[in-house]
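*Asks:* This is the structure I have questions about; it appears just below.
The values are calculated or read from the model by the stated rules, or taken from the named source; none is laboratory data. Bear in mind that the values here come from a model prediction, so they are computed numbers and not experimental data. When we count neighbours, we look across all protein chains shown, and the Cβ atoms used for this are built from the backbone with ideal geometry, even at glycine. Please note that ligands, DNA and RNA were not included when accessible areas were found on the heavy atoms of the full protein model with its side chains. Shrake-Rupley method; radii C 1.70, N 1.55, O 1.52, S 1.80 Å.
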Amino acid sequence: MEAKVFCVECGILITELLCRGMNTEKWLADTRASYDTVAVSYADQLREVLAGKPYLRAALALFADLVHATGGGPVADVGCGPGHVTAHLHELGVDALGIDLSSAMIDIARRDHPGLRFEVGSMTDLHLADASLAGLLAFWSLIHVPDHAVPTVFSHFFRVLRPGGPLLLGFHVGDESKLKTQGYGGHPMNVYVHRRRPDQVTTWLRDAGFTVEAHMLLDLDQSIPGAVLFAHRQP
């Protein structure tokens, strides 16, 4: 009979850990390649998107107020894409840094917003110091993260935020995961889009050590509703 070897720290079968690692590399690679491919079209389509989204602008304004109320400091827009939200936060007086997995997206963000800071990075392994951020935003950038990887992402969010620092998430609402093979100008993509219920996201956040404060549902009469959720790192 084949011997099974478990990790002594977490009790998970080693082969399962290896599979998770390979799966993580696969979905990250697919996401990076897909958004490198559509970066120009994506940026063109979303450049003025906030102008027609009053509730999103209100959520960002509230987030900026919360950052200022806790003393201010650097804020990371994780999964920033072409940097339009990062730039909006800057206009609200926030010291915003954009981070994205796609180097093509970061190139566009640096081109369009030369006065701001943008870096290539992954939310699964944020290269930021512990408790170095006054706030963190992930606006529709969690939608490609599979369920098994979300706790790891939230543990990084908790680690890099200062105690009391606000967190703002935006995501698609629903119960489905669908493979997206084309988008943003008809370019090929290969990413899963995960829709989630706010109560599931809330559970993950609480497990990671966050206090959840509020959420708001958006576009309820649309085919894919959205949600924004406010939380903060517990002291």
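*Asks:* Regarding region 88-97, can at least one residue be identified that is under 30 Å from Pro235 (Cβ atoms), open to solvent by less than 10 Å² (accessible area, probe 1.4 Å), small (Gly, Ala, Ser) and in a loop (DSSP other than H, G, I, E, B)?
*Replies:* no
*Asks:* May I ask you to say which residue of Ala58, Ala39, Ala3 is modelled with pLDDT of 85 or more, open to solvent by 50 Å² or more (accessible area, probe 1.4 Å) and small (Gly, Ala, Ser)?
*Replies:* Just one listed residue meets the conditions, Ala58.
*Asks:* Let me ask something additional. With the requirement that a residue be aliphatic (A, V, I, L, M), free of Cβ contacts under 8 Å to residues at least 60 places away in the same chain, within 20 Å of Leu161 (Cβ to Cβ) and touching a strand residue (DSSP E or B) at 6+ places or on another chain (Cβ under 8 Å), what does region 183-235 give you?
*Replies:* Selection gives Val201, Leu205, Val212, Ala214.
*Asks:* Considering only region 146-191, how many residues are assigned to a strand (DSSP E or B) and among the basic types (Lys, Arg)?
*Replies:* 2
*Asks:* Next question, about the same structure. Got a sec? Which of Ile224, Ile143 is among the β-branched types (Val, Ile, Thr), buried (at least 17 other Cβ atoms within 10 Å of the Cβ) and assigned to a loop (DSSP other than H, G, I, E, B)?
*Replies:* The unique qualifying residue is Ile143.
*Asks:* A further question follows. Is it the case that region 156-169 has a residue that's modelled with pLDDT of 95 or more, crowded, with 17+ Cβ neighbours inside 10 Å and among the β-branched types (Val, Ile, Thr)?
*Replies:* Yes; the residues of region 156-169 include at least one that is modelled with pLDDT of 95 or more, crowded, with 17+ Cβ neighbours inside 10 Å and among the β-branched types (Val, Ile, Thr).
*Asks:* Would you confirm whether any residue within region 125-146 is within 25 Å of Val49 (Cβ to Cβ) and of a type in the set (D, E, K, R)?
*Replies:* No.
*Asks:* Counting only residues that are within 19 Å of the chain's Cα centre (by Cα) and free of Cβ contacts under 8 Å to residues at least 60 places away in the same chain, which one in region 61-79 is surrounded by the most Cβ atoms within 10 Å (Cβ to Cβ)?
*Replies:* Among residues in region 61-79 that are within 19 Å of the chain's Cα centre (by Cα) and free of Cβ contacts under 8 Å to residues at least 60 places away in the same chain, the one surrounded by the most Cβ atoms within 10 Å (Cβ to Cβ) is Ala64.
*Asks:* Among the numbered criteria (1) more than 25 Å from His68 (Cα to Cα); (2) open to solvent by 50 Å² or more (accessible area, probe 1.4 Å); (3) at pLDDT 95 or above, which single criterion is violated by Gly174?
*Replies:* Every listed condition holds for Gly174 apart from (2).
*Asks:* May I ask you to list pairs of residues, at least six apart or on different chains, whose Cβ atoms are under 8 Å apart, with the first in region 166-182 being over 17 Å from Leu229 (Cα atoms) and of a type in the set (D, E, K, R) and the second being open to solvent by less than 20 Å² (accessible area, probe 1.4 Å) and part of a strand (DSSP E or B)?
*Replies:* Lys180/Met189; Lys180/Val191
*Asks:* Consider region 100-116. How many of its residues are surrounded by fewer than 24 Cβ atoms within 10 Å (Cβ to Cβ) and closer than 19 Å to Gly135 by Cβ?
*Replies:* The number of residues fulfilling the criteria is 2.
*Asks:* Being surrounded by fewer than 18 Cβ atoms within 10 Å (Cβ to Cβ) and basic (Lys, Arg) is the filter; apply it to region 193-221 and report the residue that is nearest to Ala131 (Cα to Cα).
*Replies:* Top of the filtered list is Arg206.
*Asks:* Working carefully through the options Leu126, Leu137, find the one that is of a type outside the set (S, T, N, Q), part of a strand (DSSP E or B) and open to solvent by less than 30 Å² (accessible area, probe 1.4 Å).
*Replies:* Leu137
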